[in-house]
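Right, I'll just put the structure down here and ask away after.
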Amino acid sequence: MTTPLLSVENLSVAYKEGDHHTRVTHEVSFDIAPGEVVALVGESGSGKTTTAQAVIGLLPENGRIEQGAIRLNGEDISKWSSKRLDAIRGSQISLIPQDPTSSLNPVKTIGAQVGEILRIHGDRDGKVIAARVAELLARVGLSDPELRARQYPHELSGGMKQRVLIAIAIALKPQLIIADEPTSALDVTVQRRILDLIDELRRENNTAVLLVTHDLGVAADRADRIVVLQGGHIQETGEAKALLIAPQSPYAQRLLADAPSLSTTAFREPRPGGGDAIVVDGLVHEYGLGRKKSFRAVDGLSFSVKRGTTHAIVGESGSGKTTTVRDVVGFGRPTSGQIRIDGTDIASLKGDALRQFRRKIQLVYQNPFSSLDPRQTVFSIVEEPLVNFSGLDAGARAKKVNDLLERVGLPEALRKRRPRALSGGQRQRVAIARALVLDPEVVVLDEAVSALDVTVQAQILKLLDDLQRELGLTYLFVSHDLAVVRQISDTVSVLQDGRQVETGTVEEVFLRPQSAYTRELIDAIPGKRSLALA
């Protein structure tokens, strides 16, 4: 048997809260061999990131290892000082963090930040460093590396910034790379390219990878072995193929059942639609760039949505999804074209007429924490639209709010809490309740489940499905996650660079895509390996 490069043995980590420490991981153990990919999977709070931070010695100030060992090439590094660990960070263990935007220094050039790891570990010749930086940027697939080295982070896309972080991580050819949710903020095609790159680099240098992810599809495609964590405890561990085919623990079974990308159910049953609830005809939206220049964000988009059905808009960042949504709900004014909601041309509405129209169409944002007033209670947040629009007395408002909160699965005990005291899934239920309290006909869901763990995501999707059946709601569902679209939508429009490259029923588009771009999006859905095994 190959000697483990990394052995984590009975690792327990605690965080200080007030005057006591609370354990968040409990006797976690696993090994990683050279060249092997081991995935840590689980929901938020499962202990994935804490375990990874402990391995590289980057726990927060209030965190400490209470017991266990972390052996790198047989030597226990769990009690090493930060200064001693600095000598192996980058050279033997490297980290690819989750968020490239917050991980790069906005006031330093890309070249300076990649070159820093080389200087820290002894390189002093500026010309040699510049040449190595260009070589690394080219190696991770960035075009014109000399130009990229002179640019700042804000001048690069999310995928390009993630490639910069990978360049930093591989600069010294470490034995182990810790990839902490390295693609969770990226479009599906960019995600695949980044994961392919990590895989290629792993094979070249026999580098081991500890992959931290909540995405079972990613783990299914990329890992040799999977470690399933829940509440800081290992629920199951084993060879990826065996675990995916026959998970033993109830928690692993639930994770696999809830993952849209691993679903064996192809498409949902079609909804019987009525007349058109939404008609978008020839929508064009241009943004002025100064000096009589403009940028066309949406170019001639047309689609219609039947009452009681769900239409998805999919595409990568910059495809025009958000601009379309803002125009549909009346926050933006299109350059040309027409948008009709229940027969009303919204461009003709102004002032109070537009304000009253917004009762018919409501928006649920991606991030429920930033879209909810942190000063208000759950009850007040949901009640506020009734105060502003309904004319109901306090008793009637209270009954409607409580009935609706019960319908979306928020118990009475939570109704006096503020958003910060709720989980992500609970906050999204509040946002949905607020959107429904005025009895709208259309609900626009802008990446409304993309920030949620897979099991919470499954609960919210079921809630949306139930509400649609009960209330006859029409959904416009905006997403970059095609696995979720396949599960919840009846029809779909695929956008690329502001243009609609494909539209039709979800089944038609997924099974018989006509455009190369749509085929690329569908092919990039993670979890293909698991589905091939099923």
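The values are calculated or read from the model by the stated rules, or taken from the named source; none is laboratory data. It should be emphasised that the depicted structure is a prediction, and the values quoted were computed from it without experimental measurement. Cβ coordinates were reconstructed from backbone atoms using ideal geometry, including for glycine residues, and neighbour counts include every protein chain displayed.
Quick one: is residue 459 surrounded by fewer than 20 Cβ atoms within 10 Å (Cβ to Cβ), closer than 29 Å to residue 504 by Cα and in contact with a strand residue (DSSP E or B) (Cβ under 7 Å, 6 or more places away or on another chain)?
no
I'd like the full set of residues that are loosely packed, with under 12 Cβ neighbours inside 10 Å and over 24 Å from residue 56 (Cα atoms), limited to the range 97-127. I'd like the intermediate steps shown before the answer.
Step one: filter the range 97-127 for residues loosely packed, with under 12 Cβ neighbours inside 10 Å, giving 102, 106-107, 122, 124-127.
106, 107, 124, 125, 126, 127, listed by residue number.
Just checking: which of the strands (runs of 3 or more DSSP E) contained wholly in the range 138-242 hold 1 or more residues that are more than 19 Å from residue 259 (Cα to Cα)?
Output list reads 176-180, 208-213, 233-239.
When residue 387 is evaluated against the numbered criteria (1) within 22 Å of residue 442 (Cα to Cα); (2) without any contact (Cβ under 8 Å) to a residue 40 or more places away in the chain; (3) part of a loop (DSSP other than H, G, I, E, B), which criterion, by number, is the only one it fails?
All conditions are met except number (3).
What residue, among those in the range 323-353 that are among the polar types (S, T, N, Q) and surrounded by fewer than 18 Cβ atoms within 10 Å (Cβ to Cβ), is nearest to residue 271 (Cα to Cα)? Don't jump to the end; show me each part of the working.
Going through the range 323-353, the residues among the polar types (S, T, N, Q) turn out to be 323-324, 335-336, 338, 344, 348.
So of that shortlist, the ones also surrounded by fewer than 18 Cβ atoms within 10 Å (Cβ to Cβ) come out as 335-336, 338, 344, 348.
Working: 335: 33, 336: 31, 338: 26, 344: 24, 348: 31 Å.
In this case the residue turns out to be 344.
Here's another thing I want to ask about it. Can you give me the number of residues within the range 360-383 that are under 24 Å from residue 403 (Cβ atoms) and modelled with pLDDT of 85 or more?
15
Within the range 404-461, which residues are touching a Gly at 6+ places or on another chain (Cβ under 7 Å) and in a loop (DSSP other than H, G, I, E, B)?
Of everything in the range 404-461, those that are touching a Gly at 6+ places or on another chain (Cβ under 7 Å) and in a loop (DSSP other than H, G, I, E, B) turn out to be 451, 452.
Mind listing just one residue for me: the one in the range 254-267 that is surrounded by fewer than 19 Cβ atoms within 10 Å (Cβ to Cβ) and in contact with an Asp or Glu (Cβ under 9 Å, 6 or more places away or on another chain) and, of those, modelled with the highest pLDDT?
Result: 267.
Residues are listed down the side, and each one gets a yes or a no for (1) modelled with pLDDT of 95 or more; (2) not aliphatic (A, V, I, L, M):
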| position | (1), (2) |
| --- | --- |
| 9 | yes, yes |
| 49 | no, yes |
| 95 | no, no |
| 102 | no, yes |
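Right, next: Which residues, counting only those in the range 344-367, are in contact with a strand residue (DSSP E or B) (Cβ under 9 Å, 6 or more places away or on another chain) and touching a residue at least 12 places away in the same chain (Cβ under 8 Å)?
Within the range 344-367, 346, 347, 357, 360, 361, 362, 363, 364, 365, 366 meet the criteria.
Could you check, for the range 327-336, whether at least one of its residues is closer than 30 Å to residue 244 by Cα, of a type outside the set (S, T, N, Q) and part of a loop (DSSP other than H, G, I, E, B)?
Looking through the range 327-336, none of the residues is closer than 30 Å to residue 244 by Cα, of a type outside the set (S, T, N, Q) and part of a loop (DSSP other than H, G, I, E, B).
Could you tell me whether any residue of the range 419-431 is outside the structural domain of residue 355 (by TED's automatic domain parsing), more than 20 Å from residue 43 (Cβ to Cβ) and either surrounded by 14 or more Cβ atoms within 10 Å (Cβ to Cβ) or among the β-branched types (Val, Ile, Thr) (or both)?
First, the residues of the range 419-431 that are outside the structural domain of residue 355 (by TED's automatic domain parsing): 419-431.
Imposing the further condition that a residue be more than 20 Å from residue 43 (Cβ to Cβ) reduces the set to none.
No, the range 419-431 contains no residue that is outside the structural domain of residue 355 (by TED's automatic domain parsing), more than 20 Å from residue 43 (Cβ to Cβ) and either surrounded by 14 or more Cβ atoms within 10 Å (Cβ to Cβ) or among the β-branched types (Val, Ile, Thr) (or both).
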